[in-house]
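Remarks on the structure that follows.
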Amino acid sequence: MSFYRRSRNFALAAVASLTLALPACSGLNRTEQRAVTGGAIGAGGGALVGAATGGSPLTGALIGGAGGAAVGALTR
């Protein structure tokens, strides 16, 4: 499978997952919302950096997601 096709499939899966998970965020407090948002942004950024540098997008997403969630939870 080509890189373009895998990237497109990953993007479609990510959009579908976020669309289905969005209603679950309605009952969260502000700290929880920041943690979820930070994790999502971090995972997306980490996957892009991992793919752009020739590394693993999955590893980048895991590291970025964990870091983003931690920063989001600690931010006031």
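The values are calculated or read from the model by the stated rules, or taken from the named source; none is laboratory data. The model shown is predicted, which means the values in this text are computed figures rather than measured ones. Don't worry about glycine lacking a Cβ; one is built from the backbone with ideal geometry, like all the others, and counts go over all protein chains shown.
Matching residues to (1) crowded, with 16+ Cβ neighbours inside 10 Å; (2) closer than 21 Å to Thr75 by Cβ; (3) β-branched (Val, Ile, Thr):
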site: Asn9; (1), (2), (3): no, no, no
site: Val15; (1), (2), (3): no, no, yes
site: Ser26; (1), (2), (3): no, yes, no
site: Asn29; (1), (2), (3): no, yes, no
site: Gln33; (1), (2), (3): no, yes, no
site: Ala40; (1), (2), (3): yes, yes, no
site: Gly46; (1), (2), (3): yes, yes, no
Number of positions in the stretch 4-43 that are more than 15 Å from Ala70 (Cα to Cα) and in contact (Cβ under 8 Å) with a residue 24 or more places away in the chain: 3
Of the criteria (1) modelled with pLDDT of 80 or more; (2) part of a helix (DSSP H, G or I), which one Gly54 fails: (2)
So Leu18, is it at pLDDT below 85 and out of contact with any helix residue (DSSP H, G or I) (no Cβ under 8 Å at 6 or more places or on another chain): no
